[in-house]
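Undergrad: Starting off with a structure, shown below.
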Protein chains: 2
Amino acid sequence: MKAATLFEALAAILPPANFKFAEEEMRPYECDGLSMYRAMPKCVVLPENEAQIADILRICHAHRVSVVARGAGTGLSGGAMPDPNSVLLSTAKMMRVLSVDPLACTAVVQPGVRNLAISETVAHHGLYYAPDPSSQIACSIGGNVAENSGGVHCLKYGLTIHNVRKLRVVLMTGDIVTIGSDGLDSPGYDLLALMIGSEGLLGIVTEVTVKLTPKPQLAVVAMASFSTVEAAGAAVGDIIAAGVIPAGLEMMDRIATRAVEDFVHAGYDCEAAAILLCESDGTPEEVADEIARVSEVLRKAGATDIKVSNNEAERLRYWSGRKNAFPASGRISPDYYCMDGTIPRAQLPRVLNEIAALSEKYGLRCANVFHAGDGNLHPLIMFDANIPGELQRAEDFGADILELCVEVGGTITGEHGVGIEKINQMCVQFSPKELTRMHDIKHAFDEHALLNPGKAVPTLHRCAEFGKMKVSQGKPMPFADLPRF
Amino acid sequence: MKAATLFEALAAILPPANFKFAEEEMRPYECDGLSMYRAMPKCVVLPENEAQIADILRICHAHRVSVVARGAGTGLSGGAMPDPNSVLLSTAKMMRVLSVDPLACTAVVQPGVRNLAISETVAHHGLYYAPDPSSQIACSIGGNVAENSGGVHCLKYGLTIHNVRKLRVVLMTGDIVTIGSDGLDSPGYDLLALMIGSEGLLGIVTEVTVKLTPKPQLAVVAMASFSTVEAAGAAVGDIIAAGVIPAGLEMMDRIATRAVEDFVHAGYDCEAAAILLCESDGTPEEVADEIARVSEVLRKAGATDIKVSNNEAERLRYWSGRKNAFPASGRISPDYYCMDGTIPRAQLPRVLNEIAALSEKYGLRCANVFHAGDGNLHPLIMFDANIPGELQRAEDFGADILELCVEVGGTITGEHGVGIEKINQMCVQFSPKELTRMHDIKHAFDEHALLNPGKAVPTLHRCAEFGKMKVSQGKPMPFADLPRF
């Protein structure tokens, strides 16, 4: 750990403004969107091109110093949280759109390009980049790749994995590889899928070839009110069972609609126990037909009221409430903790009931806002960190929700990643044999485990200490038999 | 290699009818759909359940004997070709549909279940399994998972990877892992995507949770004639650029339509240089609207004639020609070699021209039949193996086509896999650094490289001997520097 030599080597390849080690300069990087956890890195580097990234990784590899990559820092699971022994590598200076091919419907962009900037750049071709996380105005495509981000339209248009064709990646050794292709499939093992969602543990992405989608001629939102949360949850399944794949299918409960309505005046029914927002897009004929079918299903499912957006301004207003649900919750509670889990759609009514029971048990309010069509929950647990014990209760409440998701056949994350936040729950999700495969894959890409240490995939020791371990083939594994990492 | 002990151990766990080692009994397993390569295995095992598969792999692992898994044997790249030193493991006796959940739109099936049998089983729920390889009446879901199979509808409905939620897999050690989940996403590295398309090199699948799709109310095919192949190729791009994602978008050239028309009388225009088949599905309103839009695009793109199917019988007749293109080619040529490569759609006109030039160069006819919407080519090279030199010329012609696919930014396979057929072209597609990652992944799952040896991922030595090696970062890699495997 020869810090002087490391710093000298980094200083030799980076302009002074792109290499920061003074505490006040590093302060902006001490956390990501999971702001309850903070740490200062060893130093911050801001490379401007792929060659600099390769040099930085080669230097760090030689010094056996770990590296944490950071996109826009909007992540909610602490995936970009620094480590005192690590170099923090920000891709913020790599924000060029390198090329756009409107015929192939693709664009090649650097990792620091903002999600929404891609759509803005290609808008004059009638195209856009489909995945739309709520943070899309700020989050970067590199971070989206690391987290396999989704958004309100991913039910119809897919997650990041479904909208990225090719990546250039620098491995920890400084080697550069290209994975994926400009064609629709690629031979050999699916390294592209492996890299997407790997949370910065396998390599650092320097170029992303994204798939662009033609902008639909028209989009219309139907907003339905329900007198019980269960009825709204059941209606979600009915829509899908009717053969409709809506462009978006979102649910908010009364705690959420009331918080939002005071804030953005989206026109929500605050008496309803829950509302559903169901978007249809396509040609005017397709949209009219789909909205009619959806409305019929919603009515049969017991909707007490259905409103349909009459124009684009109204549609955007309906969505503005959903997209501002997180900041709106901040107005009614000093602190909130946004969870992210995915369940089979059929389990929605049961899980919503159990979350309500947990809310009682922990004495904390919880607003439910989620991508209902995907079964991707985002419960917002409200608490006050200044009241002793509330932060801990919020964390325990959150952990219980995640374990409930696993219990009903779902997963501990939909789109926010594992990071540091959910690393213990990985022990509930996966057996030691499954986690061992993941460690072996890590080893294949990053032999000395220098990329983003301590994130995403727990050691088996950590799981044993956490005390919850998925049993393997019906037999609990004794602590002493666990492989060591 | 204690054969007696191995055979004794296998005989102890399998009923006699499920363990074959007499030459005449093993003959049906000597090749898959790539029938120009044949070999006899050491023995054939036909396990009936997961526990038997785990036992077989454990025994083979202990004896360090390799194992080749085989589904229905319809694969076209030799992925299931036996090896004289390997046990051939057929999943043909594992053909039960274990459960169907119509609300979640999923079914859990064993690997030997035929692709079409899944759709037949769930038809009364108004559901079907979307990926439809031409061999769907015979091919098994286990083989589909191994090859990441597509079909004529995969442009809209995706490949196998997009239609599988969860797998149970036995690793070479006999350990059983579950990957994927009943939710829409899964944390950690994407082991599900890694396993799908891994051609039997990482594990043997024992249960597949497939996603089911609601059957559309109506499907209609528009069939357009073009006076040049280039115009038909360009029309494909125009349809996609117009924002339409057809349920199917297929192209056949005149050599293909003439061969087929004599055979199945599908009603094809045999004077056209090429025809496009474009399917629309959905509600009657959606279909009417989409067919009108597609027809307009086709007319503008220079279609000389457009026919639209008037009823289901006519639609199936139009497709029957496309689905029988391979056997029809067998009627006009003693032998044919079906290629499979994928290119960016915009490169269609250029690649079709170059294939025509290669056809001249090699003096062999080539019918072009392909999933145009995906840019997935299936050139059928016609030859007579009894004429000395023609098989070699056909293979060289095929290799040139694959390298052309890579050159224009595409890949050497769309849906048939690499197997033994395209293993040399993997050296053209990937750099040594990229192949090294694949070998390291193999090692993570199968330390002694016992599963399907010699398939899918070439050793770097093999690439060096093949004489074509993708250069890494602009510098050719000297033979002496290659890692050894």
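What follows is calculated from the coordinates using simple rules that are stated; it is not laboratory data. None of these values were measured; they are calculated from a predicted model. With ideal geometry, Cβ positions are generated from the backbone for all residues, glycine too; neighbour counts draw on all protein chains shown.
Undergrad: B:Arg331 to B:His461: FRET efficiency via 1/(1 + (r/R0)^6), r the Cβ-Cβ distance, R0 51 Å, to the nearest 0.05? Mind dumping the intermediate values first?
TA: Values: r = 42 Å, r/R0 = 0.82.
Here the calculated transfer efficiency is 0.75.
Undergrad: With Cβ to Cβ distances under 12 Å as the rule, what net charge do the other residues near B:Glu354 carry (K, R +1; D, E -1)? Write out the running numbers ahead of the final one.
TA: Values: positive: B:Arg350, B:Lys361; negative: B:Glu230, B:Glu360, B:Asp400, B:Glu403, B:Glu407.
Once all neighbours under 12 Å are counted, the net charge is -3.
Undergrad: Take B:Met94, B:Met339 and order them by how many other Cβ atoms sit within 10 Å, fewest up front.
TA: B:Met94, B:Met339
Undergrad: Over all pairs of distinct alpha carbons, what does the Kirkwood formula give as the hydrodynamic radius of chain A, in Å?
TA: 23.5
Undergrad: What are the distances, in nm and sorted shortest first, from the label point of A:Glu407 to the label points of the same position in each other copy, with each label point placed 7 Å from Cα along the Cα-to-Cβ direction?
TA: Here the equivalent label points are 6.1 nm apart from this one.
Undergrad: Could you go through region B:61-73 in sequence order and give the Karplus-derived ³J(HN,Hα) for each residue, using 6.51 cos²θ - 1.76 cosθ + 1.60 with θ = phi - 60°, rounded to whole Hz, and x for Gly and Pro?
TA: Working through the residues one at a time gives 4, 5, 8, 6, 9, 6, 9, 10, 8, 9, x, 8, x Hz.
Undergrad: Computed FRET efficiency, Cβ-Cβ of A:Arg299 and B:Cys270, R0 45 Å: what is it to the nearest 0.05?
TA: With a Förster radius of 45 Å, E is 0.30.
Undergrad: Quick check for me: using +1 on Lys/Arg Cβ and -1 on Asp/Glu Cβ, what's the dipole size of region B:426-472 about its Cα centre, in debye to the nearest 20?
TA: Roughly 200 debye, rounded to the nearest 20.
Undergrad: Taking the Cα of A:Leu103, stepping 7 Å toward and past its beta carbon, and measuring to each backbone N in region B:302-346: which are under 14 Å?
TA: Label zone hits: B:344-346.
Undergrad: Follow-up. Mind checking the log10 I(q)/I(0) for region B:333-407 at q = 0.20 Å⁻¹? Debye, one equal scatterer per Cα, no solvent, two decimals.
TA: -0.77
Undergrad: Roughly how many debye, to the nearest 20, is the charge dipole of the protein assembly as shown about its Cα centre, given +1 on each Lys and Arg Cβ, -1 on each Asp and Glu Cβ, and no other charges?
TA: Dipole magnitude for the protein assembly as shown comes out near 1420 debye.
Undergrad: Would you mind calculating the relative contact order of region B:333-407 from Cα pairs under 8 angstrom and at least 6 residues apart, reporting the percent as a whole number?
TA: Averaging sequence separation for qualifying contacts and normalising by length gives 42 percent for region B:333-407.
Undergrad: Post the alpha-carbon centroid distance, region A:431-466 to region B:37-57, in whole angstrom.
TA: Region A:431-466 and region B:37-57 have Cα centres separated by 32 Å.
Undergrad: Can you give the Kirkwood hydrodynamic radius for region A:176-303, in Å, rounded to one decimal and based on Cα pairs?
TA: On the way: mean 1/r = 0.0564 Å⁻¹.
The Cα-based Kirkwood calculation yields 17.7 Å.
Undergrad: Between the DSSP loop rule and a limit of at most 15 other Cβ atoms within 10 Å, which GluC sites (Glu not before Pro) in region A:421-471 are left?
TA: A:Glu447
Undergrad: Okay, next question. B:Leu391 label points, 7 Å along Cα→Cβ, one per copy: pairwise distances from this copy to the rest in nm, shortest first?
TA: In nanometres, ordered from closest: 7.3.
Undergrad: Additional query: Helix A:348-362 versus the longest principal axis of chain A: what angle, 0 to 90°, nearest 10, using Cα atoms?
TA: 70
Undergrad: Turning to a different aspect of this structure: When each copy gets a label point 7 Å from Cα toward the beta-carbon at A:Pro16, what are the spacings between them in nm, shortest first?
TA: 8.8
Undergrad: Let me ask another. Which whole-number percent gives the relative contact order of chain A, counting Cα pairs below 8 Å spaced six or more residues apart?
TA: Details: 1051 pairs, mean separation 67.4, N = 485.
Contact order relative to length: 14 percent.
Undergrad: Something else about it: Counting partner chain Cβ atoms within 10 Å of every residue's Cβ in A:430-441, what's the average?
TA: Mean inter-chain Cβ contacts per residue within 10 Å come to 6.
Undergrad: Moving on to the next point. Could you tell me which Cys residues in chain A have no other cysteine's Cβ under 4.7 Å from their own Cβ, answering none if every one has a partner?
TA: Singleton cysteines: A:Cys31, A:Cys43, A:Cys60, A:Cys105, A:Cys139, A:Cys154, A:Cys270, A:Cys278, A:Cys338, A:Cys366, A:Cys405.
Undergrad: Hey, what's the Cα Rg ratio for region B:426-472 versus the globular rule of thumb, 2.2 N^0.38 Å?
TA: 1.13
Undergrad: Expressed as a whole number of Å, what is the distance separating the alpha-carbon centroids of region A:250-266 and region A:312-326?
TA: 10
Undergrad: To test your reading of the geometry: what angle, between 0 and 90 degrees and rounded to tens, separates the Cα axis of helix A:254-264 from the longest principal axis of chain A?
TA: For A:254-264 against chain A, the angle is about 80 degrees.
Undergrad: Exposure proxy check: A:Arg350, B:Arg345, B:Arg315 ranked by fewest other beta carbons within 10 Å?
TA: Listing A:Arg350, B:Arg345, B:Arg315 from fewest to most nearby Cβ atoms yields A:Arg350, B:Arg315, B:Arg345.
Undergrad: Point me to the residue of chain B whose C-beta lies closest to the B-onto-A rotation axis, rounding the distance to whole angstrom.
TA: B:Ala193, 2
Undergrad: Oh, and also: What percentage of all Cα-Cα pairs in the protein assembly as shown are separated by more than 57 Å?
TA: Tail fraction, whole percent: 9.
Undergrad: Pull out the extension gain between B:Arg393 and B:Asp262, defined as 0.36 nm times the separation in residues minus the alpha carbon to alpha carbon distance; nm, one decimal. Each step should come with its number before you reach the end.
TA: Numbers: separation 131, 0.36 × 131 = 47.16 nm, distance 2.73 nm.
Stretched fully, the B:Arg393-B:Asp262 segment lengthens by 44.4 nm.
Undergrad: Sticking with this structure for a sec: May I have the pair-distance distribution P(r) for region B:27-173, computed from all Cα-Cα distances with 5 Å bins from 0 and rounded to whole percent?
TA: For region B:27-173, the binned pair fractions read 2, 10, 18, 21, 20, 14, 9, 5, 2, 0 percent.
Undergrad: Could you give the alpha-carbon Rg of region B:108-189 over 2.2 N^0.38 Å, rounded to two decimals?
TA: 1.14
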